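The values are calculated or read from the model by the stated rules, or taken from the named source; none is laboratory data. Please read all numbers here as calculations on a predicted model, not as lab measurements. Here the Cβ is made from the backbone with ideal geometry for all residues, glycine too, and neighbour counts use every protein chain on show.
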Amino acid sequence: MVNEFGEVTLFEKAKQSLVATPAMVIDLALVRENLLKLSAYLKPHGITVRPHTKTHKSKRLAQEQLNTGSVGLTVAKVGEAEVMAEVCDDILIGYPAIDAHRCSRIAKLAHKITLRVAVDSKYGIEALARAAKEAGSTIGVLIDLNCGSDRTGVATPELSLELAQHVVCCGEGVRLDGLFFYPGQVWVPVDQQPPVLKKIDDLLKKTLNLWTEAGLKAEIVSGGSTPTAYQSHHITSQTEIRPGTHIFNDMNTVHAGFCTLQDCSVALICTVISDAVDGKVIIDAGSKSLTSDKNVTQPDSGYGYILEYPEAQVSKLSEEHGELDVRNCKSVPEVGDRVTLIPNHICPCLNLQEQVWLQTENGLEELTVDTQGMII
Ligand SMILES: Cc1ncc(COP(=O)(O)O)c(C=O)c1O
């Protein structure tokens, strides 16, 4: 594709290369722009960033985040923590990793790096404390408070205080480090977010006041997501945010108005493999490369967006085939042509790729998806 200045875009260079398709290509310059832009916004507000690596799953990209001001990393899985510990010594497991197997691996890793876990149960606190005592290490604990996403997190400030006191009671093995929340339910447009975020901030303030009255301190108040990233200043109680998707962006964040297509730093280069059926062309990427995730705010918009043919709809996916409805297109791609697709939800797409490509100023480099497929 040629941009408004008549320059060939980076995805176009990847498209013209001999790389086999479907090929997921990450534009490193755009990645850096996304990271630097967020750091620049957060700095004057005194909020730090601890990005969620579930989006990219790559040590190299985690390193980019640490180079551009991230204070540490977030992961969901213990396996991810072990891998990311090779590049970072301060990791939050933003997931209730509370079974004996996970706790024992966490306790072992806590010897090497500063490791924290978000929990919402006495069971979890005790399991972590037991494992850490056995290993002779200390695990930091953040108490997970439900702020409306209704997935994990205790329901009230009072319950969070009870758990915080339980951490202190357990003593050896666990250390109370703060509070955790995830505003994953907030997908309203940016201009409608301030009152929603203020309500969350009020809940956090109430919680922190209760803790203070009980003589407890939350050094860390960890929140954030990509949809709310640039409205983080409305939650004045938070000390750090954990955006994941923002490093890449995708059609979810584009259609919801949180970024533009120009901010999407990852695309799937696909080849047209058939045009035998009227009104359709078929590409070589189906649900095995793209997942079957519909768009969050525009569920009828198809399974992604084709940069070169905006009127084409990615209307149906089977495992190996993607069907483009091209009936509304001014021109139609031919068999053998390559097209550039921006997926709906980039995080699980990365998880499906054995290998991806990094477009740098030196050309395309192979990039391993280091924590691909880790479920524990
Ligand atoms: C606990 C938690 N924190 C942060 C994130 C990052 O969210 P996003 O990708 O919207 O930035 C997620 C994503 O699923 C999450 O589950």
From the options Leu210, Leu203, residue that is closer than 19 Å to Val141 by Cβ, part of a helix (DSSP H, G or I) and not β-branched (Val, Ile, Thr): Leu210
From the list Leu268, Leu307, which residue is touching a residue at least 24 places away in the same chain (Cβ under 8 Å), surrounded by 21 or more Cβ atoms within 10 Å (Cβ to Cβ) and in the same structural domain as Lys330 (by TED's automatic domain parsing)? Leu268
Checked the stretch 230-269 for anything farther than 21 Å from Pro348 by Cα, more than 14 Å from the ligand (Cβ to nearest atom) and of a type in the set (Val, Ile, Thr); matches are Thr236, Thr239
Within the stretch 277-296, how many residues turn out to be more than 21 Å from Asn351 (Cβ to Cβ) and surrounded by 17 or more Cβ atoms within 10 Å (Cβ to Cβ)? 3
Within the stretch 344-358, can you find the residues that are at pLDDT 95 or above and either more than 16 Å from the ligand (Cβ to nearest atom) or touching a Cys at 6+ places or on another chain (Cβ under 8 Å) (or both)? Leu352, Val356, Trp357, Leu358
Taking the residues in the stretch 171-189 that are more than 14 Å from the ligand (Cβ to nearest atom) and in a strand (DSSP E or B) as candidates, determine which candidate is farthest from Ala135 (Cα to Cα). Gly178
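Could you check the stretch 52-111 and list, in sequence order, the residues that are among the polar types (S, T, N, Q) and outside any helix (DSSP H, G or I)?
At the first step, the residues of the stretch 52-111 found to be among the polar types (S, T, N, Q) are 53, 55, 58, 63, 65, 67-68, 70, 74, 104.
Thr53, Thr55, Ser58, Thr68, Ser70, Thr74, listed by residue number.
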Take Leu216 and decide whether it is of a type in the set (A, V, I, L, M), away from the ligand (no atom under 14 Å from the Cβ), over 25 Å from Thr253 (Cβ atoms) and touching a Ser or Thr at 6+ places or on another chain (Cβ under 8 Å). no
Restricting to the stretch 274-291, name every residue that is within 29 Å of Leu28 (Cβ to Cβ) and either of a type outside the set (S, T, N, Q) or in a loop (DSSP other than H, G, I, E, B) (or both). Ile283, Asp284, Ala285, Gly286, Lys288, Leu290, Thr291
Just to be sure I understand, how many residues within the stretch 230-246 are surrounded by 22 or more Cβ atoms within 10 Å (Cβ to Cβ) and assigned to a helix (DSSP H, G or I)? 3
Working only within the stretch 200-229, note down all residues that are surrounded by 14 or more Cβ atoms within 10 Å (Cβ to Cβ), without any contact (Cβ under 8 Å) to a residue 40 or more places away in the chain and either more than 19 Å from Thr48 (Cα to Cα) or aliphatic (A, V, I, L, M) (or both). Leu208
